[in-house]
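The values are calculated or read from the model by the stated rules, or taken from the named source; none is laboratory data. Quick caveat: nothing in here was measured; it's all calculated off a predicted structure. Positions of Cβ are backbone-derived with ideal geometry, glycine not excepted, and every protein chain shown enters the neighbour counts. Surface areas here come from the heavy atoms of the whole protein model, side chains and all, with no ligands, DNA or RNA. Shrake-Rupley method; radii C 1.70, N 1.55, O 1.52, S 1.80 Å.
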Amino acid sequence: MSLFSRRKTVVVDSDILVIGGGMAGCGATYESRYWGRDLKIVCVEKANIERSGAVAQGLYAINCYMGMQWDENQPEDHVRYARNDLMGLVREDLGYDIARHVDSTVHKFEEWGLPIMRDPETGRYQREGKWQIMIHGESYKPIVAEAARKAATEVYNRIMVTHLLMDKSKANRVAGAVGFNVRTGDFYVFRAKAVIVCAGGASHIFKPRAVGEGMGRTWYAPWSSASAYALPILAGAKMTQMENRIVLTRFKDGYGPVGAYFLHLKTYTENGYGEEYESKWYEHTKQLVGDYIDRHPVPTCLRNHAFLEEVKAGRGPIRMVTKEAFQDPHKETVGWENFLGMTIGQAVVWASQNIDPKLINPELTTSEPYVMGSHATCSGAWASGPADYAPSEYQWGYNRMMTVDGLFGAGDTIGGTAHKFSSGSYTEGRIAAKAAVNYVNDMGNERPQVSEDDYQGLEKVIFQPLENYRVGRNEIVAGTVSPSYMMPLNGLQRLEKIMDEYVGGISTFYMTNDKLLDRGLELLGMLKEDLNQLGAEDLHQLQRAWELHHRVLASECVTQHTLFRQETRWPGYYYRGDFPKLDDTNWHCFTLSQYDQTSGEWTLEKAPVYHIVD
Ligand SMILES: Cc1cc2nc3c(=O)[nH]c(=O)nc-3n(C[C@H](O)[C@H](O)[C@H](O)COP(=O)(O)OP(=O)(O)OC[C@H]3O[C@@H](n4cnc5c(N)ncnc54)[C@H](O)[C@@H]3O)c2cc1C
């Protein structure tokens with residue numbers, strides 16, 4: 001009761017509102033100030049931007065750097081690379097736009113104090129692979145956050161944004177957002193002329209391999225809760241490629257990264273019997289995907305596919321051969337440091353399981369699927385492209401504006417642009433911000449109108465789980481199970497089970513079909529109804545409740561897209577048992593969806609893929 005009586009409503013006005021202060025959000029905040037010297041720029045973050053987002057604990061490599069100053073790669077090369085890895089389907093205009101600007105972002109990071117390793121012989125940045133450069137990245141996020149803090153008019157930490165606000169004077173125009181402070185419980189109303197959503201990707205929509213008390217041990221950050229998708233979806237923005245969930249091959253149990261091992265240490269994999277296995281699956285894979293298997297590098301999903309088939313054939317576990325490389329003391333040091341910079345948990349797992357990679361080849365595993373827009377995958381919002389490069393069909397407004405006026409996005413939020421990673425996400429934040437400043441300037445003295453009724457109605461909805469708990473707990477005489485409410489964790493586990501069993505998770509070896517997807521949608525519909533009965537005993541649980549809302553809506557979107565695309569485009573990420581082959585004749589296209597909040601209905605359509613780079 002006291003939580004309700006103490007609750008304040010805080011109204012914040014801004015020109016540009018950045019939601020999420022991760023890599024893209026920090027880039028958007030920084031660049032908004034550069035172009036909008038006199039504008040009011042507000043960044044709102046559910047954690048603390050100092051250490052928030054997927055980069056929170058640091059990284060060991062920046063995975064997207066062209067090296068144009070040394071003529072190492074050109075933006076067109078990166079477009080070809082991403083297109084190849086995504087089996088032909090990327091927004092080349094958006095990818096090119098990031099690639100042509102990403103080097104300048106990395107140079108800024110170095111100027112701000114990020115230690116980037118140098119090749120002692122050439123003096124250039126130390127390459128881990130063709131696109132990756134190696135960093136001492138423990139303080140990567142604090143360095144990036146400092147620039148954003150200095151650029152912002154205000155940064156609001158510890159505020160979870162739950163809904164966007166729409167303009168009451170003009171249909172399909174955004175007007176701000178609402179949320180609550182996860183520490184004080186205050187209700188926040190942000191009114192803004194332009195909104196840039198940078199709220200990261202989605203973990204925990206599929207059942208993870210580690211459950212129970214280990215459930216936080218996922219590859220993707222457990223706090224990435226699909227807000228980047230749910231917020232635009234609810235506002236009616238079109239989404240793209242949401243079926244393109246990603247599955248990662250990583251070191252078992254700790255999900256430690258394998259990139260530096262493959263690329264820098266030149267380690268390789270073998271099956272449980274010490275045999276090379278990838279070539280064995282060549283003919284089989286060729287029958288499914290045609291000459292995509294002959295591309296270089298072999299697309300990420302197809303490498304997963306060979307791994308999965310070998311395990312299904314009973315020849316697991318798959319191991320990384322580290323014993324050879326680790327005899328070299330330099331490589332051994334690099335191998336361990338790789339974890340210390342970003343996934344220290346993997347080193348702890350090896351220590352606790354008596355694995356010394358110099359003596360034992362460690363096991364690999366494939367992760368549960370995640371939804372992201374910035375890795376070897378490209379789920380997210382459908383965005384307008386750059387004026388000088390995008391085909392006219394991809395241009396309906398300002399660069400990186402979604403199909404809702406004034407609503408921009410960057411990083412994991414924006415679909416169709418794989419392989420942007422940390423530096424590319426930051427760069428896309430900058431690109432979106434520049435466009436958002438133009439949008440605000442073009443608006444002149446006009447200002448979107450926020451309806452008081454709208455946000456007061458949302459306030460009631462947002463805090464309802466606290467009320468459900470306060471009333472419902474009186475019915476409990478012992479234990480924690482209530483006849484009147486469901487705790488967020490129970491809802492989350494139900495969601496993960498549905499997605500796992502019906503939409504192609506680990507328990508079905510990523511396999512699904514139309515019948516399973518239809519049933520999955522029915523069960524998701526029932527879960528959605530039950531979300532009205534969520535109970536939250538405190539503000540932490542209230543946050544969990546709203547994270548669950550966002551995850552469920554994003555999951556529904558993933559399921560709809562998976563049903564719509566009648567082919568298996570990315571074997572190794574997921575399989576349609578009823579359409580087991582890649583079908584370029586009918587499905588060399590993007591999938592788009594749009595949600596109608598009033599009817600609860602989804603509309604799906606195809607959009608053309610334009611190959612701009614030869
Ligand atoms: C395990 C792992 C390893 C990686 N390794 C590398 C690597 O080696 N090199 C590399 O370059 N890239 C790497 N990446 C990719 C990189 O981390 C991402 O591309 C990048 O962080 C995406 O930026 P983003 O801003 O979209 O999301 P994030 O950086 O995750 O930021 C999202 C932000 O939004 C906030 N937020 C979420 N929901 C809300 C809400 N409702 N209200 C308010 N705030 C909210 C979050 O707290 C977070 O701060 C890795 C990613 C992962 C997960």
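Which value, in Å² rounded to 10, gives the accessible area of LYS266 with a 1.4 Å probe and all protein chains present?
The accessible area comes out at roughly 140 Å².
Where a Cα-Cα gap under 22 Å defines reach, which lysines qualify for LYS420, not counting those fewer than 8 residues away within the same chain?
LYS108, LYS130, LYS141, LYS238, LYS434
So, with +1 on the Cβ of K and R and -1 on the Cβ of D and E, and no other charges, what is the size of the charge dipole of the range 222-293 about its Cα centre, to the nearest 20 debye? Spell out each step's value before the answer.
Values: 7 positive and 8 negative charges, 71 e Å.
Its charge dipole is roughly 340 debye.
Using a 1.4 angstrom probe with every protein chain in place, what is the largest-first accessible-area order of VAL11, VAL298, VAL102? Can you show the working numbers first?
Values: VAL11 65, VAL298 40, VAL102 0 Å².
Accessible-area ranking of VAL11, VAL298, VAL102, largest first: VAL11, VAL298, VAL102.
Leaving ligands, DNA and RNA out of it, rank LEU86, LEU340 by accessible area with a 1.4 Å probe, largest first. Each step should come with its number before you reach the end.
Working: LEU86 0, LEU340 95 Å².
Reading off the accessible areas and sorting them downward yields LEU340, LEU86.
Give me the dipole magnitude in Debye, nearest 20, for the range 86-127 about the Cα centre, with unit charges on the beta carbon: positive for Lys and Arg, negative for Asp and Glu. Walk me through the intermediate numbers first.
Values: 6 positive and 8 negative charges, 15 e Å.
Once rounded to the nearest 20, the dipole reads 80 debye.
Accessible area of TYR96, 1.4 Å probe, to the nearest 10 Å²?
Accessible surface of TYR96 is approximately 40 Å².
Return the long-range amide H neighbours of PHE590 (sequence gap of 5 or more, or a different chain), with a cut-off of under 5 Å between placed amide H atoms.
Under 5 Å from the amide H of PHE590 lie the amide H atoms of ALA607, VAL609, each far enough along the sequence or on another chain.
How much length is gained if the chain between LYS266 and LYS497 is pulled fully straight, taking 0.36 nm per residue apart and subtracting their Cα-Cα distance, in nm to one decimal? Please report the intermediate quantities before stating the final value.
Values: separation 231, 0.36 × 231 = 83.16 nm, distance 3.76 nm.
So the extension gain works out to 79.4 nm.
Considering only the chain, what is the antiparallel percent among its DSSP beta bridges, to the nearest 5? Kindly include the intermediate steps, with their values, before the conclusion.
Values: 41 of 66 bridges.
Bridges in the chain are about 60 percent antiparallel.
List, largest first, the extents of the alpha carbons of the chain along their principal axes, each in whole Å.
So the three principal-axis extents are 65, 59, 49 Å.
Placing unit charges on C-beta atoms (Lys and Arg positive, Asp and Glu negative, everything else neutral), compute the dipole magnitude of the chain about its Cα centre in debye, rounded to 20. Let's see the in-between values first.
On the way: 65 positive and 77 negative charges, 219 e Å.
Dipole about the Cα centre, nearest 20: 1060 debye.
Identify the GluC sites (Glu not before Pro) of the range 440-542 meeting these criteria: DSSP loop state and at most 14 other C-beta atoms within 10 Å of the C-beta.
Passing both the DSSP loop test and the Cβ count: GLU446.
Set the Förster distance to 41 Å, then compute FRET efficiency between GLN126 and LEU604 from the Cβ-Cβ distance, nearest 0.05. It would help to have the intermediate numbers written out before the result.
Numbers: r = 45 Å, r/R0 = 1.10.
Between GLN126 and LEU604 the formula returns 0.35.
Please work out how much length the chain gains when fully extended from GLN287 to GLN566, using 0.36 nm per residue of separation minus the C-alpha to C-alpha distance, in nm with one decimal.
Details: separation 279, 0.36 × 279 = 100.44 nm, distance 1.71 nm.
Result for the pair: 98.7 nm of gain on full extension.
Skipping prolines and chain starts, which residues have an amide H placed within reach, meaning under 5 Å, of the one on ALA175, given they are 5 or more residues away or on another chain?
Here LEU165, MET166, ASP167 satisfy the definition.
List, in order, the whole-Hz ³J(HN,Hα) value for each residue of the range 539-549 obtained from phi through the Karplus relation with A = 6.51, B = -1.76, C = 1.60 and θ = phi - 60°; use x for Gly and Pro.
Once θ is set to phi - 60°, the couplings for the range 539-549 become 5, 4, 5, 5, 4, 4, 4, 6, 5, 5, 3 Hz.
How many nm is it between the label spots at GLU213 and ARG473, if each spot is 7 Å from the Cα in line with the beta carbon?
2.4 nm
How much net charge surrounds TYR282 when only the other residues with a Cβ under 15 Å from the Cβ of TYR282 are counted, with Lys and Arg +1 and Asp and Glu -1? It would help to have the intermediate numbers written out before the result.
Numbers: positive: LYS280, LYS286, ARG295, ARG303; negative: GLU275, GLU276, GLU278, GLU283, ASP291, ASP294, GLU309, GLU310.
With Lys, Arg at +1 and Asp, Glu at -1, the net is -4.
In whole percent, what relative contact order does the range 425-526 give with Cα contacts below 8 Å and a gap of six or more residues?
On the way: 37 pairs, mean separation 12.4, N = 102.
Contact order relative to length: 12 percent.
Working out 0.36 nm times the residue gap between GLU452 and SER507, then minus their Cα-Cα distance, what length gain in nm do you get to one decimal? It would help to have the intermediate numbers written out before the result.
Numbers: separation 55, 0.36 × 55 = 19.80 nm, distance 4.67 nm.
Working it through step by step, the gained length comes to 15.1 nm.
What spacing in nm lies between the two simple spin-label points modelled at TYR34 and ASN438, each 7 Å away from Cα in the Cβ direction?
1.5 nm
Simple spin-label model, 7 Å along Cα-to-Cβ: ARG51 to LYS8 in nm?
So the two model labels end up 2.7 nm from each other.
Apply the Karplus parameterisation 6.51 cos²θ - 1.76 cosθ + 1.60, with θ equal to phi minus 60°, to every residue of the range 56-71 and state each ³J(HN,Hα) to the nearest whole Hz, in sequence, with x for glycine and proline.
Going residue by residue, I get 2, 8, x, 9, 9, 8, 9, 8, 9, 8, 6, x, 5, 5, 10, 6 Hz, with x marking Gly and Pro.
Would you mind checking which residues have amide H under 5 Å from ALA381's amide H? H placed 1.01 Å from N; only 5 or more apart, or other chain.
THR240, ILE414, GLY415
How big is the accessible area of MET526 in square angstrom, nearest 10, if you roll a 1.4 angstrom probe over the protein chains?
Surface open to solvent at MET526 totals about 90 Å².
Under the Karplus relation 6.51 cos²θ - 1.76 cosθ + 1.60, θ = phi - 60°, what is the ordered set of whole-Hz ³J(HN,Hα) values for the range 437-442, x standing for Gly and Pro?
With coefficients 6.51, -1.76 and 1.60, one gets 4, 4, 4, 5, 4, 5 Hz.
Give the residue from PHE579, GLY472, ALA148 lying farthest towards the positive end of the charge dipole for the chain; charges sit on Cβ (+1 for Lys and Arg, -1 for Asp and Glu) and the dipole is referred to the Cα centre.
GLY472
Mean residue ellipticity at 222 nm from the helices of the chain, using -39,500 (n - 2.57) per DSSP H segment of n ≥ 4 over the full residue count, to the nearest 500 deg cm²/dmol?
It comes out at -11500 deg cm²/dmol, rounded to the nearest 500.
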